[in-house]
Structures are given as structure tokens and as C-alpha cells.
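Before any comments, here is the structure.
Coordinate-derived values only; no laboratory data. All values reported here derive from a predicted model rather than from experimental measurement. A quick note on method: Cβ atoms are made from the backbone with ideal geometry, for glycine too, and the neighbour counts reach across all protein chains shown.
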Amino acid sequence: MYNVQVQHFQGPFELLLELIEQSKLSINQISLAEIADQYLNYLKQMERFPLKEVGSFIVIAATLMLIKSRSLMPSLKLSREEELEIEDFEVRLKEYERFRSISREIEKILGKRIIFSPEEGRFSGWLETGIFTAPKDLSISNLKTSLEQILNNIATKEILPEKIIKKTVSLEEKMNSLIKRLESKINLCFSDLKSDPECKKVDLIVNFLAMLELIKRDYITVSQTQVFGEIEITKT
Amino acid sequence: MMIQNHIEALLFLAGEPMKIKKIAKILGKNEDEIKKGLEELENSLAERGLRLVRKGEEAVLGTAPESSEYCEKLVKEDLTGNMGKAGLETLAIILYKGETGKTEIDYIRGVNSAFCLRNLMVKGLIERKINPKNKRSYIYSPSIMLFQHLGITKKEELPNFEKFIKDFENVIEQSDKNS
């Protein structure tokens, strides 16, 4: 497992390249499949997620999972669209890499040896004889259009509608709380789980799924004496 | 006096980028004559403290990049400030691709570049105009001021420019084959 220093990445490609470079791999579908888990892990542990860019990070994660699935299951049938997406992805990443290295070259020279031009107004004094003559096209309406043009040139911030997303009930959480409860009590009834006033329908369903999963993992055994009767849970 | 001297005089007085068309109109010459004059001017300035910077149809006189250290003392201001990685990437794409739309920049960078583009535009390093192919979008290009900040007098002086163009053609060839 490679350790990536948690730092702020501008975009998903930058993060991906960083991961590939650290693993000393080159950009191809094999390396992308290998790196997919690391990419996801990284997203998980990222504390200060650049909120604005969440979408672009997730889109890339989806493509990575697709590439990985195909590498694990060569028989997986992909649609033409998905095939193209994967091909395109590799090309994009290479293209980004090229520009990233160019941008480093640009950084080295930007502002280092500036070619100055006379500043505005430095010579204009020689041209004017102290009398202000209004240009022919100076009019209120022209000024208004220019001002509007200036304002138009400043790109406006995109305001996206906000929506509150309900917290999801995680199966993992429910499993953990069930295990915890069983640690303090030897056996438990499924109806006990309902007694919590916070328990909504969805919690109940996920609780049930958590119970099934724990049975599968051989962590608990359950017994039910009659249909729709009480389910008793015991630790194995 | 030769035509290049007149051009030099005009550019000196203007102090800002001039369109070749305008120079031609003032001097009563055709644009080809002006272009030839500009080339002569560029050569004769090579050993002096001034440079001719050209971008497309525009030309401006500026100080030699070798003198920038001293000129900066006179101007006394940090003109570029810190660009940040995102700004530099966006600049690189616009510089090497010439005219680029936002969609293409976003596509290459994998993130939305609206904020970067806005910043670069406010700094005067890039220019935008309405995309002639799609009136609802814009295309961005480097400004002549950006060339000046990079200390180059034409785009061919950009680092690894020729190699980049060659690589770029290869990529296009490949994607043509793929499709």
C-alpha cells in the first residue's frame, strides 16, 4: 500500500497522476485498474474535500471502477459507449500530463524576464496640450454599452440550486451497533431494536439486513418459534 | 527614412499593441509592406534594449527581457503575483493550443475552469471573444501582455513549442485512427 500525503489536489487527474507516479507505473489500463482502490481510499480519507469539485472526482471514480471491473472480469460485456469512455479516459489523462509538465515550464519563466511596454499615460502627456477634447464617440449611451461590456466580461458565479440530502442509514453502522448491543447482553429480541424512539421504518429495514448479514458471517444465530413471531438473537 | 523606422516611431508613441492594419493605414502602405518592415525592425532591435513583440495581427514595443530586473525596479510592482497550479495549467493549455474553448480546457483538466479563466482575464493575461462557430460560447487566447510576461516575442519561443506541436499532431493522428 502506498502512502499518499494528504494534500489538496486541484482535480481528479492531478490526484490520479500522483498515484500512478508514486507506484512508478505508466499510464495504461492495467495501471489504472491497479490504482482504482487507492484512488477511492484516498477520497475516503480526504478531510477537506474541495466541495465544488466533488462531482468531477466522482465521475472519474466511476470510470476507474469500470476499468477495474473489466480487468477482473474479462468476460464482462461493455457497451460501445463504455468502451469509448475507457479509451478516451486514457487519452485525456495523457493529455493532462503533457499540459501539467508544460505548466511547470511556464511557471519557470512567467514574470521572470518581463518585456515592459510604456505604461499608459506615461507619454500621453506629450500628446495632449492640456485641453480636453471629447472624442466624437463619447456619449452617455456609448459609456453605458462599454460599462455593460466590462460587466459582461466578468464571468458570473454559477449558483446551483441546493438540496439537502438525507443522511443515509449505513448497513455497516447498524451491524456495529447490533454487535455492541450483543456484547453487553447475551441475547436480544429483534423487537428491542424498535424500542428506540429514533427508529424509523428505514432503520428497521436496515437493522433486519444487518441481522441477516451477521447470520451469514456466523456472528449470531437467530431463532423464531412461529411465523411473524419474535426473533431471538444470540451471539455464536 | 526606411519604413521600419516609421513603424518604430509609431509603436514607441502608441505604447500599446497596434494592429498591422492600423499601421498600414497611417503610413499609407499595404499590410505586406508593414509585415516586412516589422521583420526588419525585429532584426535591428535584436542588439538593443528594446524588443518587438508580435502576436497574430498585433505588434508592440517592449523592453528587452534581459533588462527586466532593472525595469522592474522602475515599475516597482509585482505584476503577476502567484498563479497557482490551476492557473498555470489553464495558461499552458491556452498558450499552446492558441484559441481554446472552455469545454476543451475543462475536458483536459478534468475540473471546471471558470474561476481560473476569470482570474486570468482580470489579470489581462488572456483574452476572450465570441466563438464564431457557436455564438453561445467563448474562445480564449493568450494576450500579447502574456507574451511580455513570459519574456517571449512570438509563440515559437515558448519552451518546447516545436516538440509540443509534433506530439499534438501524433495524438490527433492516433485518435483519428481510433475513431
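Comparing A:Asp196, A:Asp137, A:Asp37, which has the greatest mean-square fluctuation in the GNM of chain A with Cα pairs linked when under 10 Å apart?
In the Gaussian network model the winner is A:Asp196.
P(r) for the range A:12-110, please, calculated from all Cα pair distances in 10 Å bins and given in %.
14, 44, 32, 8, 1, 0
Could you run the Debye sum over the Cα atoms of the protein assembly as shown, one equal point scatterer each and no solvent, and tell me log10 of I(q)/I(0) at q = 0.06, 0.07, 0.14, 0.15 Å⁻¹, two decimals?
-0.43, -0.55, -1.34, -1.43
Using Cα springs under 10 Å in a Gaussian network model of chain A, which residue among A:Ile67, A:Ile179, A:Ile58 shows the largest mean-square fluctuation?
A:Ile179
Give me the Å³ per residue figure for the convex hull around the C-alpha atoms of chain B.
160 Å³
Over the range B:82-163, how many pairs of lysines fall under 25 Å by alpha carbon, counting only those 8 or more apart in sequence or from different chains?
29
Residue farthest toward the positive end of the dipole of the protein assembly as shown, with Cβ of Lys/Arg at +1 and Asp/Glu at -1: which of A:Ser177, B:Ser68, B:Val111?
So the residue furthest toward the plus end is A:Ser177.
Starting from the Cα of A:Lys24, draw a straight line to each of the aspartates and glutamates and keep only those under 20 Å, dropping any in the same chain fewer than 8 residues away.
The qualifying aspartates and glutamates are A:Glu14, A:Glu34, A:Asp37, A:Glu90, A:Glu95, A:Glu97.
Once amide H atoms are placed 1.01 Å from N in the peptide plane, what residues at a sequence separation of 5 or more from B:Leu50, or on another chain, have their amide H within under 5 Å of its amide H?
Placed amide hydrogens put B:Ala64 under 5 Å from B:Leu50.
Would you calculate the separation in nanometres between label points at A:Leu151 and A:Asp88, each defined as 7 Å from the Cα along the Cα-to-beta-carbon direction?
3.8 nm
Excluding residues fewer than 8 places away in the same chain, name every one of the lysines whose C-alpha is closer than 30 Å to that of A:Lys201.
A:Lys44, A:Lys163, A:Lys166, A:Lys167, A:Lys174, A:Lys180, A:Lys185, A:Lys216, A:Lys235
Quick check on the exposure proxy: order A:Cys199, B:Cys116 from fewest to most C-beta atoms within 10 angstrom.
Ranking A:Cys199, B:Cys116 by Cβ neighbours within 10 Å, fewest first, gives A:Cys199, B:Cys116.
Who wins for biggest fluctuation among B:Glu169, B:Glu31, B:Glu16 in a Gaussian network model of chain B, springs between alpha carbons below 10 Å?
Between B:Glu169, B:Glu31, B:Glu16, it is B:Glu169 that shows the largest mean-square fluctuation.
Looking at the range A:26-92, which trypsin sites (Lys or Arg not before Pro) are DSSP coil and have at most 11 other C-beta atoms within 10 Å of their C-beta?
The qualifying sites are A:Arg48, A:Lys77.
Extending each Cα 7 Å along its Cβ direction at B:Phe12 and A:Ser69, get the distance between those two points in nm, one decimal.
Between B:Phe12 and A:Ser69, the label points sit 7.1 nm apart.
Give a residue-ordered list of calculated ³J(HN,Hα) values for the range B:124-137 (Karplus: 6.51 cos²θ - 1.76 cosθ + 1.60, θ = phi - 60°; whole Hz; x for Gly, Pro).
Coupling constants for the range B:124-137: x, 7, 10, 10, 9, 9, 5, 5, x, 7, 9, 5, 8, 10 Hz.
For the range A:208-236 and the range A:61-83, compute the distance between their C-alpha centroids and round to whole Å.
Using only Cα atoms to place each centre, the spacing works out to 37 Å.
Just tell me which lysines come within less than 23 Å, Cα to Cα, of B:Lys25; anything on the same chain fewer than 8 places away is out.
Hits, sequence-local ones excluded: A:Lys136, B:Lys35, B:Lys36, B:Lys55.
To the nearest 20 Debye, how big is the dipole of chain B about its Cα centre, given +1 on the beta carbon of each Lys and Arg and -1 on that of each Asp and Glu?
Value, rounded to 20: 820 debye.
Test of understanding: extend the Cα→C-beta vector of A:Leu43 to 7 Å, then name every residue of the range A:139-183 with backbone N under 19 Å from that spot.
Inside the label zone: A:165-172.
In the range A:135-236, which GluC sites (Glu not before Pro) are in a loop and have at most 12 other Cβ atoms within 10 Å, using DSSP for the loop call?
Passing sites in the range A:135-236 are A:Glu158, A:Glu162, A:Glu198, A:Glu230.
From the residues B:Ile94, B:Leu45, A:Ala210, which one has its Cα farthest along the dipole of the protein assembly as shown in the positive direction, the dipole being from +1 and -1 charges on Cβ of Lys/Arg and Asp/Glu about the Cα centre?
Going by the charge dipole, the pick is A:Ala210.
I need the chymotrypsin sites (Phe, Trp or Tyr not before Pro) found in the range A:131-236, filtered to DSSP loop residues with at most 11 other beta carbons within 10 Å of theirs.
Here the sparse-neighbourhood loop sites are A:Phe132, A:Phe228.
So what's chain A giving for Rg/Rh, alpha carbon basis, Kirkwood Rh from the mean inverse pair distance?
Reported Rg/Rh, Kirkwood definition of Rh: 1.23.
Give me the net charge of B:Ser67's neighbourhood, meaning all other residues with Cβ under 12 Å from the Cβ of B:Ser67; Lys, Arg count +1, Asp, Glu -1.
Net of charged neighbours comes to +1.
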